[in-house]
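Beneath this line is the structure, given in structure tokens, with notes to follow.
Throughout, read-outs are computed from the coordinates displayed, never taken from laboratory work. Since the structure is predicted, the reported quantities are computational estimates derived from the model, not experimental observations. Here the Cβ positions follow ideal geometry from the backbone for every residue, glycine too, while neighbour counts run over all protein chains shown.
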Amino acid sequence: MNGVLFVTDPLTGLQADIDASIGLMSATQDLGSDVWCCEPEELAVIDGHVRARARRIRLRPRRPAGRDHRWIVDSTWWDELDVAVVEVDEFDLVHLRIDPPVDARYLHTTYLLDLVEEAGTRVVNRPEGVRAMHEKLIALRFPELCPPTYVGADPANLREFVAKIGTAVVKPVDGFAGLDVWLVDDNHAAIALLESATHGGHRQVIAQQYLPAVAHGNKRLFLLDGEIVGAVLRRPAVDDFRIGPPVASAEIDEADRAIVNALRPHLVRNGLAIAGLDVIGGRLIEVNVTCPGGMHKTDALLGTRLSEAMVRRLTQPTRYCEGVPA
């Protein structure tokens, strides 16, 4: 079957003016491929083959809002052209685009899509690779590239770490979208905050030294098959230490290249074709691989064509066997 299948969360819940998955869909359509979508619950294995109840859609026209990171789109941003039960391994490409966390629903989907890759169809990002490289813990393999970091659930140990480094950003290991992120200083309130962050010592968290350089921007490096294809700066809001939307283009420097060179073999080996690296002051913070975003926002803000560049390369005729490019 010609076309590209997107395994996504419900279409009605996607933000059509900013969502990276919709940007990839739009680019896929613009380059002449049919866009098909299904939700994880619409996948099934029958006689060893993965099938999906999927819908073929056509995206309505969109245009950049101008001086902003958003697109102007209709409130109903797609039209349904067809609904059918399809063989998933007959698509030209399958995108795994479920928002984190990597919970049971996400994991079960990856196991089904393993069968699709084994049948020879590329899945981006490779399900096995997503399981192998936890996006918030990948950076721990490269301590020389990261700010001082602690992972654990013990509030007392966390307090010692904060006392040692001064100020820390604390976030759950399975967190996403800036939820439950804490800025903790070494003061009398620290132990209470850390007990809350760890749910009384029952939830693993990551604590990293707060980098004042974030005031100059958190750099998102967009990677495709281990190569930098773009970069954008994001800054905290005036009244919030957490990172906001993209605000300006970013220059790629030697520190960025060193980080990418260190990560590239691991990303390529695990089939993590699309990745978003977060870098502050030349230090690696996070490697986004489960549903990497930011491309659609950046294209609207800067007039770049990141989504198109990714789709163009990913949809080149390539068949996979046992996870190795043919």
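If you line up the Cα atoms of the stretch 1-57 on their principal axes, what length do they span on each, largest first, in Å?
Rounded to whole Å, the extents work out to 39, 25, 14 Å.
What nm distance separates the two modelled labels at Leu140 and Gln316, each placed 7 Å from Cα along Cα→Cβ?
For the pair Leu140/Gln316, the computed spacing is 3.6 nm.
Would you mind working out the magnitude of the charge dipole of the stretch 29-104 relative to its Cα centre, with +1 at each Lys and Arg C-beta and -1 at each Asp and Glu C-beta, to the nearest 20 Debye?
The dipole of the stretch 29-104 has a size of about 560 debye.
How about Lys219: which lysines have a C-alpha closer than 24 Å to its C-alpha, ignoring those fewer than 8 places off in the same chain?
Output for Lys219: Lys136, Lys171, Lys297.
Using only helices, what value at 222 nm comes out for the chain when you add -39,500 (n - 2.57) per DSSP H run of length 4 or more and divide by the total residues, to the nearest 500 deg cm²/dmol?
-7500 deg cm²/dmol, from helical runs alone.
If you average 1/r over all unlike Cα pairs in the stretch 148-210 and invert the result, what Kirkwood radius do you get in angstrom?
After inverting the pairwise mean of 1/r, the radius is 11.0 Å.
Go ahead and set up a Gaussian network model of the chain, Cα springs under 10 Å, then flag whichever of Gly166, Gly276, Gly217 fluctuates most.
Comparing Gly166, Gly276, Gly217 in the GNM, the peak value goes to Gly166.
Mind listing the long-range amide H neighbours of Arg70? Cut-off is under 5 Å, sequence gap 5 or more, other chains count too, H placed in the peptide plane at 1.01 Å from N.
The list, which skips near neighbours in sequence, is Ala65.
In debye to the nearest 20, how big a dipole does the chain give about its Cα centre with +1 on each Lys and Arg Cβ and -1 on each Asp and Glu Cβ?
Charge dipole of the chain: 680 debye, to the nearest 20.
Express in nm, to one decimal, how much length is gained between Thr12 and Leu233 on full extension, taking 0.36 nm for each residue of separation and deducting their alpha carbon distance.
Contour length minus Cα-Cα distance gives 76.7 nm.
Largest first and in whole Å, what are the equivalent-ellipsoid semi-axes of the stretch 48-114 based on the Cα gyration tensor, each being the root of 5 times an eigenvalue?
29, 19, 10
Spin-label point model (7 Å from Cα, Cβ direction): what's the Leu107 to Arg67 distance in nm?
It is 4.9 nm.
Restricted to Cα positions, what overall size does the chain have along the principal axes? Three whole-Å values, descending.
Cα spread of the chain along its principal axes, largest to smallest: 61, 46, 36 Å.
Find how much the distance from Glu195 to Asp82 grows on full extension, using 0.36 nm per residue of separation minus their present alpha carbon separation; answer in nm with one decimal.
Extra length available between Glu195 and Asp82 comes to 35.6 nm.
Please state the charge dipole magnitude for the stretch 148-210, taken about the Cα centre, from unit charges on C-beta atoms (+1 on K and R, -1 on D and E), reported in debye and rounded to the nearest 20.
Approximately 80 debye in magnitude.
How would you order 137-149, 21-33 from highest to lowest mean count of nearby Cβ atoms within 10 Å?
Peptide ranking by packing, descending: 21-33, 137-149.
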